[in-house]
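Peer 1: Before I ask anything, let me first share the structure, which is written out below as structure tokens.
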Amino acid sequence: MRTFAVFTLISALFATSALAGHNCKCQDSNGQYNALTQYCCNQQPSISDIYYPGPNHQCTSPGNEINSGDFVTCCQGQGVGGAYCWD
């Protein structure tokens, strides 16, 4: 039983870490892509506190609700090398 409780706790921590960002922006070594950042921001769930633009043309979530994995995948799906997400 104790092992199950520890496993559940660790699983919850990893699940929470997928929602990693207060801010994300599509960018790669060629530059920053504001229009794609806006597009990928709009692909995040609409029931959360995620909006564009933030002060530096980034996708912003005061509640830390951006799924950074999905955001990176969205940017890459649009031909950009990736995204940068930060708190």
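Peer 1: Return the pair list, or none, for Cβ contacts closer than 9 Å from residues in the range 50-64 that are on the phi > 0 side of the Ramachandran plot to residues that are among the hydroxyl-bearing types (Ser, Thr, Tyr), at least 6 apart or on different chains.
Peer 2: 57/37
Peer 1: Just to verify a result, which residue in the range 58-80, among those that are part of a loop (DSSP other than H, G, I, E, B) and of a type in the set (Gly, Ala, Ser), is surrounded by the most Cβ atoms within 10 Å (Cβ to Cβ)?
Peer 2: 61
Peer 1: Still on this structure, I have one more. With respect to residue 42, determine if the residue is surrounded by fewer than 15 Cβ atoms within 10 Å (Cβ to Cβ) and under 12 Å from the mean Cα position of the chain (by Cα).
Peer 2: Details: surrounded by fewer than 15 Cβ atoms within 10 Å (Cβ to Cβ): yes; under 12 Å from the mean Cα position of the chain (by Cα): yes.
Here the answer is yes, as residue 42 does meet what is asked.
Peer 1: Follow-up question, since we're still on this one. Given the conditions (1) loosely packed, with under 15 Cβ neighbours inside 10 Å; (2) modelled with pLDDT of 95 or more, and given that residue 12 satisfies all but one, which numbered condition is not satisfied?
Peer 2: Of (1) loosely packed, with under 15 Cβ neighbours inside 10 Å; (2) modelled with pLDDT of 95 or more, only one is false for residue 12: (2).
Peer 1: Limited to the range 61-78, what total is found for residues that are within 8 Å of the chain's Cα centre (by Cα) and over 18 Å from residue 32 (Cβ atoms)?
Peer 2: 4
Peer 1: Going residue by residue through the range 42-51, is there one that turns out to be among the aliphatic types (A, V, I, L, M), modelled with pLDDT of 90 or more and touching a Ser or Thr at 6+ places or on another chain (Cβ under 9 Å)?
Peer 2: Of the residues in the range 42-51, the ones among the aliphatic types (A, V, I, L, M) are 47, 50.
Going one step further and asking which of them are modelled with pLDDT of 90 or more, we end up with 50.
Applying the additional criterion that residues be touching a Ser or Thr at 6+ places or on another chain (Cβ under 9 Å) yields 50.
Checked the range 42-51: at least one residue is among the aliphatic types (A, V, I, L, M), modelled with pLDDT of 90 or more and touching a Ser or Thr at 6+ places or on another chain (Cβ under 9 Å).
The values are calculated or read from the model by the stated rules, or taken from the named source; none is laboratory data. No experiment lies behind these values; they were computed from the predicted model shown. Neighbour counts are summed over all protein chains in view; Cβ atoms, including those assigned to glycine, are modelled from backbone coordinates with ideal geometry.
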